[in-house]
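*Asks:* Sending over a structure as C-alpha cells; questions will come in a sec.
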Amino acid sequence: MATGIVSYYDDNIGQGRIETSSGHFAVRADDMAPDARTQGARVDFDVVREEPHDRAVNVRLRLGTRNDPKQRRFGDTG
C-alpha cells in the first residue's frame, strides 16, 4: 500500500493525479472513494501496472485526514 497526496483532480473529466515521494500516479474517479476526490487530500492506494504508466486504484482517504478546511477535527462538519 502506498501513500500520497491528491495533487490534481478534475471532477468534470473524472481523472486526477496522486503525488508520492517516488513520483506520481494517474487515477480515475471510479477508482477513488468520494471523500478522497479533493485536491490536497492525503490518501492510501494500491498500484496497478499498466502500459505505459502505472495507475493508482483503491484510493481512500487516510484515517484522521481532513478533507474540508472548515473541519476542526476528523469527522466535524461545517
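*Asks:* If we count every other residue with Cβ under 14 angstrom of residue 59's Cβ, Lys/Arg +1 and Asp/Glu -1, where does the sum land?
*Replies:* That sum, taken over residues with Cβ under 14 Å, equals 0.
*Asks:* Take peptides 5-12, 48-55 and line them up by average Cβ neighbours within 10 Å, highest first, as a rough protection proxy.
*Replies:* Values: 5-12: 14.2, 48-55: 9.9.
So the order, starting with the most tightly packed, is 5-12, 48-55.
*Asks:* What is the sum of charges around residue 29, taking Lys and Arg as +1, Asp and Glu as -1, for the other residues whose C-beta is under 11 Å from the C-beta of residue 29?
*Replies:* Values: positive: 28, 37; negative: 10, 11, 30, 31.
Around residue 29, the charge tally is -2.
*Asks:* Continuing with the same structure: Output wanted: per-residue J couplings in Hz (rounded whole) for segment 20-30, from phi through Karplus 6.51 cos²θ - 1.76 cosθ + 1.60, θ = phi - 60°, x for Gly and Pro.
*Replies:* Using θ = phi - 60°, the values come out as 10, 5, 9, x, 9, 10, 6, 8, 10, 4, 6 Hz.
*Asks:* If you don't mind, another one. Net charge within 9 Å of residue 1 by Cβ-Cβ distance, Lys/Arg positive one each and Asp/Glu negative one each, not counting residue 1 itself?
*Replies:* -2
Rule-based calculations on the coordinates, nothing more; no lab input. Remember, it's a predicted structure, so these values are computed and weren't measured experimentally. Methodologically, a virtual Cβ is constructed for each residue, glycine included, from the backbone with ideal geometry; neighbour enumeration extends over all protein chains shown.
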